[in-house]
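Shown next, in structure tokens, is the structure this report addresses.
Quick note: the coordinates plus some simple rules give every number you see, no bench work behind them. Given the structure is predicted, the values throughout are model-derived calculations rather than measurements.
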Amino acid sequence: MTITDADLVDEPRTTWQPTDLTQIVRGVLSGEVVGPVPTLLVRLDGRALLYRGEVHSLAGEPESGKSWLVQHESVQLIERGERVLYLDFETAAPSVVERLLALGASAQAVVDHFVYVRPDEPPTDARIAELAEGRFALVVLDGVSEAYELLGLDPLSNRDAAAGVGQFEMAHSYASWRGRP
């Protein structure tokens with residue numbers, strides 16, 4: 001059975017109904033409608049992969065390069081004078097700084113634009129508010145499993161995973177600033 005618009009006349013409109021993309025496709029093709037444009041993690045061909053002000057998740061086996069990837073992007077940003085907040089739940093500052101320098105960051109850019117935090121207790125609302133004032137181009141939560149443990153949550157529990165997302169809304173607050181420092 002095929003459902004047509006005529007079949008839906010008496011039905012209240014819901015978000016589960018298909019969206020007619022005709023006008024959107026025309027607008028995108030003509031340049032009149034522009035969606036979010038990725039500007040972070042630029043490939044060699046000039047195309048970017050990540051969106052400023054959005055939350056992205058990198059998943060992979062331990063030691064698969066997730067931290068190196070975000071540290072590479074951190075170097076690109078801090079060398080342009082943009083600020084990066086790095087919430088590190090699994091390593092230590094010397095290791096991260098060593099990597100940033102190995103990836104080409106200048107010592108001055110690291111000192112001036114890279115904000116490193118290695119928490120060992122849950123955040124307070126006051127600390128979150130203080131960090132959120134920092135206006136960062138990128139916020140990294142490195143070691144999400146360890147962060148869950150710090151908060152007393154089990155990352156394998158659906159209920160705790162939902163609670164963890166709520167706890168890490170601060171990351172979205174930091175990342176949602178879309179402007180430049």
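Details
- Cα gyration tensor shape for segment 25-145, rounded if a/c is under 1.5, else prolate or oblate: prolate
- Ala48 long-range amide H proximity, modeled H, under 5 Å: Arg43
- Full-extension gain in nm, Arg127 to Val111, via 0.36 nm per residue minus C-alpha separation: 3.7 nm
- Computed from backbone phi with θ = phi - 60° and the Karplus coefficients 6.51, -1.76 and 1.60, the 3J(HN,Hα) list for segment 136-145 is 10, 6, 8, 10, 10, 9, 9, x, 5, 4 Hz; x is used for glycine and proline.
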